[in-house]
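What follows is a set of notes on a single structure, which appears directly below.
The values are calculated or read from the model by the stated rules, or taken from the named source; none is laboratory data. Just so it is clear, the model here is predicted, and its values are computed rather than measured. Here the Cβ positions follow ideal geometry from the backbone for every residue, glycine too, while neighbour counts run over all protein chains shown.
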Amino acid sequence: MSDLLRRTALTLLAPVSAIVVAMIITSALIAVSGGSATDFLSVIFSVPENRLIVNMINQSALIYMSGLAAAIGFRMNLFNIGVEGQYRVASYGAATLAGAAIFPGILNVIIPILFAIVLGAAWAGIAGLLKVTRGVSEVISTIMLNAIAITLTGYLLNKYGQHVGNGVRTTPIPESSHLTGWYPFTRADGPVWTLAILAVFLGVGFWVVLNKTRFGFDLRATGLSETAAVASGVKVGRMVLYSMLLSGAVAGLIWMPAFYGAAHSYGTAFQAGLGFTGIAVALLGRNQPVGIIFGAALFAFLNEQANRLTIETDVSVSVVQITQGIIVLSVVVMYEVVRRYRIRLEQRQVAEREPAPPPAPEEVPA
Amino acid sequence: MADAEAGSRDAVRLRGITKRFPGVVANHDVDITIGRGTVHALIGENGAGKSTLMKILYGVQRPDEGTITVNGDDVTFHSPTDAIEHGIGMVFQDFMLADNLTVLENVVLGAEKLRGIGDKARDAIAEISRVYGFGIDPDVLVERLGVGDRQRVEILKVLYRGAQIVILDEPTAVLVPQEVDALFDNLRGLKNEGYTILFISHKLDEVLAIADDITVMRQGTTVGEAKPGSVTEHQLAEMMVGSELPSPETAESTVTDDVLLTLDGVTLTDERGRQLLSDISFTIHRGEVLGIAGVEGNGQEELVETIMGIQAASAGTVSLQGKDMTEWDTRERREAGIGWIPADRHRHALLLDSPLWENRILGFQTREPAVRGLWIDRSGARTDTERIVREYDVRTPGIDTLSRALSGGNQQKLIVGREMSNDPILLIASHPTRGVDVGAQAAIWEHIKTARRKGLAVLLISADLDELIGLSDTIEVILRGRLVAEVDPQTVTPQQLGSAMTGGDDDEEGAA
C-alpha cells in the first residue's frame, strides 16, 4: 500500500514541480521586465468564470485529441510533427464535404468525419511511406507536409471558398447538421460541444489498443527497443506505416467538435496551432492517455486564464506561452530524474532479494 | 628505488573497505595487499563485488569505511583523476577507443597536456610499444586493429599517463587463446619493469598461469588468498562459489537421424558487395548440438540473423524439417518453433523498461499463453512468467519488476526460460552463458542438455571454448564468413580450436 502511495507520489512529483518551477521563472521574468508578478499570479490562479470553464472543457477536448495523435507516434519513437498539417487538411476536406450537404441529417456528420479520418491518415501516410520506402526522416517530411498543408488549404479555400467581407470560408453546413452540445450553465456561458465526447472515446480506445492488444504490444515494443522488436518478429516498416496512419487518423478528428459545435465552416474560425500544442501535451502526459488528460486540461486552463491578462493587468498574454514552454522543458527533465530514481529503487529491491543464500541470518550488516 | 619504509613495499593496501548502496552492501571488510612488481589476481563470481572494489580503487566511487594505501601513503580519491595522479590506471572490459582516430590520437585524447599531440607524444608511444613488445604503430587507425591490439592500445593509454599500477578488468574475456598468451607475455614484461598488475578474472586456468598472488572474493568480501603454486583450480573454484564448479560436459550422444535444420549454400552479401557469409552448408539433427567456433566478427551474427530471417540470404536455402523457409519472415520462423537466445540480450532479447511478464510476450506475440487471438492474455502471460521465474530460478522480487533491474545472469535465465517455452524444435543460442555467474551457467547448461535429450536441435555459438567443446556434438569453425573446418569435440583441445579459429598454421594437426 505504501508502495502504491510512493509510486503515485513519484508520478505526480514531476509535473507538480515543473509547474512550480515554471510559475517561479515566469514571475521572475515578468518582474524583471517591469510587470507585476502578483497580478499575473492572481489572475492565473483566480477561479475562472463559467464561460471560461466551458471554453476550457472544449479546448481540453481538442488539445487532448491532438496530444493522443502525437503520442501514438511517440510511443513508437516516431516524431510526428505533422499533426498540425494533418488536422488542417482533414478539417478543410471535411468542412467542404459537409458544407456541400450531399448527405441528409446525421449522415452529413458521420460521413464528413470519416472523410476527415481518411484525409488525416492519408496526409500522415505520405510521411510514413517516405520513411519506410526511402528512409526519409519523419521529422523532416512531416514538417514539410505542414507547410504544404497550409499552402494547399489556403489555395483551395481561396479558389473555391465563399468570400464574405474580408474573409474566405467554406460553405457553412446546414443547421440540421449542427451539433451544438450541452449547456452546463446559462446559454450565455456557451455549450460543451457534443463531439467533445470523441476525446473520451479516443482516450479509452488508445488505452485499450496500446495495452491490451497484440498490435499495441508490437507498437510499444518497437518504441522501447527496435532491435528487440525486430528479433521478436515485428515488421518495423509495417508498424511505422500503421502508426503514422493511426496518428493521422486521430489528428483528422481534432477540430471536428469545434466545427460542428460552433464554427460551421472552415475559414477564419479555424483554430490553428493545436497540432503543436498536442506535441507539448503528449510530452507532458508521458504519452499516457491519463497523463495527457492532465496536460490538455492544464494547457487549456492556462490559455483561457491568460486571455484575462490583457483585460485585468498590463501583463502580455504571450507570457503564458513562456510558462507553458518552461513547464514542458522542466517536466522532461524531471521525468528523466524520476525515471532514474525509479530504476535505482527497483534495482535496490532486486538486490535486497538477490543475495539470499542459506546462511544469511547472522551476517546481515546493519 | 630505495624504499625507506617497509610498508611501502606494497603497492596497494586496502583495509576494511566497506561500500553500501541503499539496501545493499556491495563490499564489506575487504582486505587486499598487492605487492609492488607483482601480478595480483582478483577472482570471484559475477556479483561478488569485484567491480565495485575496482571502482573504489580507481576513484569512481568512495568507500564508506576503510582505508586505501598506495605506496605507503593513505589516500582518498575523489575521482579517477586522483587515482591517475597516484599512478593507478584502469583498462576496462569494454574498450573505450574511437575507431576513426589513430592510435596516437586515441592515446593523447584527454592527456594532451602531458606531451602534446605531436612528435613528442608519438615518440613516447613508440617507445612504450617497443619496450614492452606491443608492436603498435602510433599512426594506424584503430578501426584497422584486431581485438588483441586494441587491448594493447588501452594498456598503452594507461602507461602513457604514467600509471605504475595497472588494473585490468576481465582482459581475456574477448581474446582467443593465442591472444591471451600474447597478453600474458606483455603483462610479464610489464611486471619485470616494476609495474604492478591487478588482474580481475573468473577464468581460473588463466589466473593460475599469470598471477603471483590470488585473492578470492565472494558475496562482497575477500574470503581467501592463495599462491598459484600451492592451490588447484578445483580449490579456487570452491573458494569462489562455496561449492564445486559445474562442467558443461554432456554424458552421451542423443543425436538422431531426423534432419531438423539444413543450410545449403547460404551466402550473404552486403550492399557494397562484400561477402559476409560464403556458401555455408550444414545440417543439424534432432537432439544434436552443433557448435560454431570462431573469433567474434567472422560472420556468426550474420549467420544467426540469416537463420532467424532478419537478414535475407543472397543465395542458398534454409530449411526446417524439410520445409524451405528461406522466404519466411522472422515471426513465421519463430512460430515454426525456433527459439533464439541472442548474443546481445539487451539489444535483442529484452524490453529493459518493461516488466518481466511483458518480456515473456516478446517473440511470442502470436502464441498462447501470452496472447489470445488479437488480445494480450495478461493473466496467461503472467502465470507463465511465474512458471519461468520458478523453474529457471530467476531471482526477482516479482514479475512486475522491470527487466533492467535484474542482474545479467537473471536476465539471461529469464530469456532462456522464455525461449524454451512453447516447446521449440530448434534453439539458436549465441553465447548463452556470457556474463553469467557460475551458478546460472550450470543451470543454463542443464536446461540445454535436458531439452537436447528430448530431441531439441541446438545451434550453439560461443566464445567460451570449454562450453563449446563440452556441449557440442559437432563443431564447425567459422572464419571470415566461411566454414573452414569441422572438428570433433571429443578429441580437440582448446588450443587446436584456437588455431583453427584464427586460420593460423597449426603446429599440431588438430583440425581437418
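Laid out as a table, the results:
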quantity: Evaluation of B:Glu206 against (1) in a helix (DSSP H, G or I); (2) free of Cβ contacts under 8 Å to residues at least 24 places away in the same chain (one fails), failing number; calculated: (2)
quantity: Counted residues, the stretch B:378-418 - those being facing chain A (nearest Cβ under 10 Å) and acidic (Asp, Glu); calculated: 1
quantity: Lone unmet requirement of (1) surrounded by fewer than 20 Cβ atoms within 10 Å (Cβ to Cβ); (2) touching a residue at least 12 places away in the same chain (Cβ under 8 Å); (3) more than 14 Å from every other protein chain (Cβ to nearest Cβ); (4) of a type outside the set (Phe, Trp, Tyr) for A:Thr310; calculated: (2)
quantity: Counted residues, the stretch B:304-335 - those being under 23 Å from B:Arg418 (Cα atoms) and of a type in the set (Asp, Glu); calculated: 4
quantity: Considering residues of the stretch A:207-266 that are closer than 30 Å to B:Leu303 by Cα, of a type in the set (Ser, Thr, Tyr) and part of a helix (DSSP H, G or I) only, the residue farthest from the other protein chains (Cβ to nearest Cβ); calculated: A:Thr222
quantity: The stretch B:41-57, subset under 15 Å from the mean Cα position of the chain (by Cα) and assigned to a loop (DSSP other than H, G, I, E, B), residue modelled with the highest pLDDT; calculated: B:Gly44
quantity: Residue within the stretch B:262-272 that is within 14 Å of another protein chain (Cβ to nearest Cβ), surrounded by fewer than 22 Cβ atoms within 10 Å (Cβ to Cβ) and under 28 Å from the mean Cα position of the chain (by Cα) present; calculated: no
quantity: Only listed residue being of a type in the set (A, V, I, L, M, F, W, C), in contact (Cβ under 8 Å) with a residue 40 or more places away in the chain and closer than 23 Å to A:Ser265 by Cβ, chosen from A:Ile143, A:Ile150; calculated: A:Ile150
quantity: Residue selected from the stretch B:207-230 under the condition within 14 Å of another protein chain (Cβ to nearest Cβ) and among the hydrophobic types (A, V, I, L, M, F, W, C), by the criterion nearest to B:Val180 (Cα to Cα); calculated: B:Met217
quantity: Only listed residue being on the phi > 0 side of the Ramachandran plot and either modelled with pLDDT under 90 or touching a helix residue (DSSP H, G or I) at 6+ places or on another chain (Cβ under 7 Å) (or both), chosen from A:Gly190, A:Gly167; calculated: A:Gly190
quantity: Residue identified as within 18 Å of the chain's Cα centre (by Cα), surrounded by fewer than 23 Cβ atoms within 10 Å (Cβ to Cβ) and farther than 17 Å from B:Val295 by Cα among B:Gly470, B:Gly455; calculated: B:Gly470
quantity: Counted residues, the stretch B:339-348 - those being closer than 30 Å to B:Lys323 by Cβ, within 10 Å of chain A (Cβ to nearest Cβ) and modelled with pLDDT under 95; calculated: 5
quantity: Enumeration of residues in the stretch A:49-78 that are outside any helix (DSSP H, G or I), surrounded by fewer than 16 Cβ atoms within 10 Å (Cβ to Cβ) and at negative phi; calculated: A:Glu49
quantity: Unmet criterion (only one of (1) more than 14 Å from every other protein chain (Cβ to nearest Cβ); (2) free of Cβ contacts under 8 Å to residues at least 12 places away in the same chain) for A:Leu298; calculated: (2)
quantity: Condition check for B:Ile56: closer than 19 Å to B:Tyr195 by Cα and either touching a strand residue (DSSP E or B) at 6+ places or on another chain (Cβ under 9 Å) or away from chain A (no Cβ under 14 Å) (or both); calculated: no
quantity: Of the criteria (1) within 10 Å of another protein chain (Cβ to nearest Cβ); (2) over 24 Å from B:Gln411 (Cβ atoms); (3) touching a residue at least 12 places away in the same chain (Cβ under 8 Å), which one B:Gly373 fails; calculated: (3)
quantity: Listing of helices (runs of 4 or more DSSP H) fully contained in the stretch B:71-186 that carry 1 or more residues being at pLDDT 85 or above, out of contact with any Leu (no Cβ under 8 Å at 6 or more places or on another chain) and of a type in the set (S, T, N, Q); calculated: B:80-85
quantity: Any hit, the stretch A:105-120, residues being of a type in the set (Gly, Ala, Ser), surrounded by 24 or more Cβ atoms within 10 Å (Cβ to Cβ) and in a helix (DSSP H, G or I); calculated: yes
quantity: Residues being touching a residue at least 40 places away in the same chain (Cβ under 8 Å), under 19 Å from B:Glu45 (Cα atoms) and assigned to a helix (DSSP H, G or I) - total across the stretch B:392-413; calculated: 4
quantity: Conditions (1) part of a helix (DSSP H, G or I); (2) surrounded by fewer than 18 Cβ atoms within 10 Å (Cβ to Cβ); (3) more than 23 Å from the chain's Cα centre (by Cα): number failed by B:Val389; calculated: (2)
quantity: Flag if B:Arg218 is surrounded by fewer than 21 Cβ atoms within 10 Å (Cβ to Cβ) and without any contact (Cβ under 8 Å) to a residue 12 or more places away in the chain; calculated: no
quantity: Which listed residue, of B:Ser319, B:Ser281, is surrounded by fewer than 20 Cβ atoms within 10 Å (Cβ to Cβ), touching a residue at least 60 places away in the same chain (Cβ under 8 Å) and of a type in the set (Ser, Thr, Tyr); calculated: B:Ser281
quantity: One residue from A:Thr26, A:Thr11 being buried (at least 20 other Cβ atoms within 10 Å of the Cβ) and of a type in the set (Ser, Thr, Tyr); calculated: A:Thr26
quantity: Candidate set from the stretch A:313-352 (those that are basic (Lys, Arg) and surrounded by 15 or more Cβ atoms within 10 Å (Cβ to Cβ)); member that is modelled with the lowest pLDDT; calculated: A:Arg348
quantity: Those residues of the stretch B:332-375 which are buried (at least 17 other Cβ atoms within 10 Å of the Cβ) and part of a strand (DSSP E or B), in sequence order; calculated: B:Ile338, B:Gly339, B:Trp340, B:Ile341, B:Pro355, B:Val371
quantity: Verdict on B:Val477 being at pLDDT below 90 and among the β-branched types (Val, Ile, Thr); calculated: no
